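The values are calculated or read from the model by the stated rules, or taken from the named source; none is laboratory data. Treat the numbers as computed from the prediction; the structure is a model and nothing was measured. Because the Cβ atoms are built from the backbone with ideal geometry, glycine has one as well, and the counts that use them run over all protein chains shown. For the accessible areas, the whole protein counts, side chains as well, though only heavy atoms, and no ligand, DNA or RNA atoms are used. Shrake-Rupley method; radii C 1.70, N 1.55, O 1.52, S 1.80 Å.
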Amino acid sequence: MRSYAKSIALYEQARRHLAGGVSSNVRYASVPVPLFFVRGEGARLHDVDGNVHIDYVLGNGPAILGHAPKPVIEAVAASLAEGQVFAAQNPREQELSARLCRLLPGAEVVRFATSGTEAVLMAMRLARAFTGRTKVLKFEGHYHGWSDQAFISTRPSLNEAGPADAPIPVAGSPGMPPSVLGDTVVCGWNDLDQLRATFERHRGQIAGLIMEPVMVNGGAIAPLPGYLEGVRDLCSEHGTLFICDEVITGFRIGLRGAQGKFGVTADLSIYAKAVAAGFPLAMVSGRRDVMDTLLDKGVMHGGTYNGNVQSMAAALAALDVLEADGGAIYARMEARGTRLMDGLAALAAKHRLPIRVQGMPAIFQTFFTSGAAPRNYRDSAACDRDAMLALHAALQEEGVRVQQAGKWFLSTAHDDAVIDETLAASDRAMAAVARA
Ligand SMILES: Cc1ncc(COP(=O)(O)O)c(C=O)c1O
């Protein structure tokens with residue numbers, strides 16, 4: 001058995017001075033305690049107890065080039081002596097924004113922020129200011145950060161969430177003002193008829209529709225064929241801005257994100273995480289007429305660390321790698337991810353475990369279900385989470401770190417040898433789960 005004695009002792013100490021012993025609530029989701037890591041290197045993390053983990057959590061997405069990627073940390077190191085924050089512009093912001101506008105679908109202009117949560121807030125405010133409407137439509141199971149305006153019906157209990165064809169907005173946390181629920185319309189995902197009816201019920205009131213184009217947080221579920229196109233059409237028909245939250249999909253499922261993959265263009269898009277390969281950077285990109293309201297109408301957006309020198313340097317260096325040879329790195333990542341997904345599915349069959357492996361090669365989920373492929377939040381909520389927790393623990397024991405819900409993120413550092421090692425470890429882990 002792996003020992004976590006040092007992590008357990010450190011966590012006990014941390015709880016004395018650090019609220020809850022962690023800096024983000026999602027980090028509670030770890031056994032036996034939130035673990036302490038001392039080093040990340042490529043596809044691997046080293047914890048304080050000396051355990052080595054093949055890491056498929058990757059900071060929940062940013063580490064697309066693996067941990068401590070050389071070109072990025074060298075570029076950041078070279079920038080350190082220049083300073084960090086100027087409360088003014090630095091030339092790298094100009095260079096990066098121009099590159100991003102050349103690359104990303106619908107990006108006529110961009111504005112940088114520091115976290116995805118803030119960028120979502122900016123996009124929602126822009127939509128309200130531009131349309132003069134107050135309501136924002138979001139989808140059940142989709143996560144757009146932890147703000148009062150967005151942390152609604154992300155993982156609602158089905159006792160509170162209302163009927164599947166007309167969900168009720170559910171606050172995700174104590175302390176959120178009930179008034180935000182009145183400005184939020186919640187809809188089931190991957191169901192165009194339901195969306196059409198929802199638009200009719202709130203005709204002329206919806207400023208923006210925000211969605212994860214692939215429902216990653218609710219289960220790495222792809223949009224059904226034609227769904228994103230239908231959403232695009234309904235938004236245009238109703239004068240609602242389509243806000244595509246590519247915080248996870250951006251720079252992960254392809255160089256041009258989900259919009260590039262599925263051929264749909266939103267009015268506003270949000271990117272973060274992989275864009276700076278581990279350094280804090282988020283952004284809103286999109287239509288010039290909408291983004292211009294920042295200046296023309298004085299729509300407020302601020303942030304002390306926005307556009308800081310190191311995040312700009314990191315993103316430029318990351319883009320150099322990601323864009324090389326027309327994004328050839330994505331084809332390689334896709335091939336390895338496909339091999340891993342197929343390998344896991346074959347192992348599940350071998351051990352007679354009802355595991356479904358679903359998603360994109362660079363971000364997928366293992367569900368315990370004998371039913372059909374989950375298509376939305378309610379389907380994924382019906383899967384056996386306890387069985388997934390058991391697999392998570394067994395994988396950790398074999399040196400493979402995945403999210404407890406069964407999410408696997410891939411990086412370019414997960415080469416063929418790492419995939420082979422992972423499959424061998426997963427074979428042992430699944431055997432242990434099957435025995436239990
Ligand atoms: C789709 C999506 N949007 C927004 C966010 C919030 O980003 P951040 O954690 O940087 O605030 C996340 C974070 O996981 C996310 O997955």
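Results, tabulated for the structure shown:
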read-out: Alpha carbon convex hull of region 287-372, projected area averaged over orientations, nm²; value: 10.2 nm²
read-out: Whole-number percent relative contact order across the chain, with pairs defined as alpha carbons under 8 Å at least 6 apart; value: 20 percent
read-out: Three-way shape call for region 335-436 based on the alpha-carbon gyration tensor, with the a/c threshold at 1.5; value: oblate
read-out: Cα centroid separation, region 224-274 to region 139-215 (Å); value: 17 Å
read-out: J(HN,Hα) series, region 126-142, from Karplus relation 6.51 cos²θ - 1.76 cosθ + 1.60, nearest Hz, glycine and proline x; value: 4, 4, 5, 5, 6, 8, x, 10, 10, 8, 10, 9, 10, 10, 4, x, 8
read-out: Region 226-290 shape via C-alpha gyration tensor axes, a/c threshold 1.5; value: oblate
read-out: Percentage relative contact order, region 65-202, counting C-alpha pairs under 8 Å, at least six apart; value: 16 percent
read-out: Computed log₁₀ I(q)/I(0) - Debye formula, equal Cα scatterers, no solvent, region 6-81, q 0.18, 0.21 Å⁻¹; value: -0.83, -1.00
read-out: Karplus-derived HN-Hα couplings along region 290-299 (A = 6.51, B = -1.76, C = 1.60, θ = phi - 60°), whole Hz, x at Gly and Pro; value: 6, 5, 5, 5, 4, 8, 5, 9, x, 5
read-out: Shape of region 332-395, Cα gyration tensor, a/c cut at 1.5; value: oblate
read-out: For region 64-78 and region 380-436, distance of Cα centres in Å; value: 27 Å
read-out: Assigned charges on the beta-carbon of Lys, Arg, Asp, Glu; region 66-188 dipole about Cα centre (debye); value: 220 debye
read-out: Per residue value of the accessible surface for region 286-339 (all protein chains in place, 1.4 Å probe), Å²; value: 46 Å²
read-out: Residue-normalised accessible area of region 88-191, given per residue in Å² at a 1.4 Å probe; value: 43 Å²
read-out: Rounded percent of accessible protein surface that carbon and sulfur make up, the chain, 1.4 Å probe; value: 53 percent
read-out: Descending semi-axes in whole angstrom, ellipsoid equivalent of the chain, from the Cα gyration tensor; value: 33, 28, 21
read-out: Kirkwood-based Rg to Rh ratio, region 98-217, C-alpha trace; value: 0.97
read-out: Kirkwood Rh, Cα atoms: Rg over Rh of region 230-362; value: 1.07
read-out: Contact order normalised by residue count of region 208-354, Cα under 8 Å, 6+ apart, percent; value: 17 percent
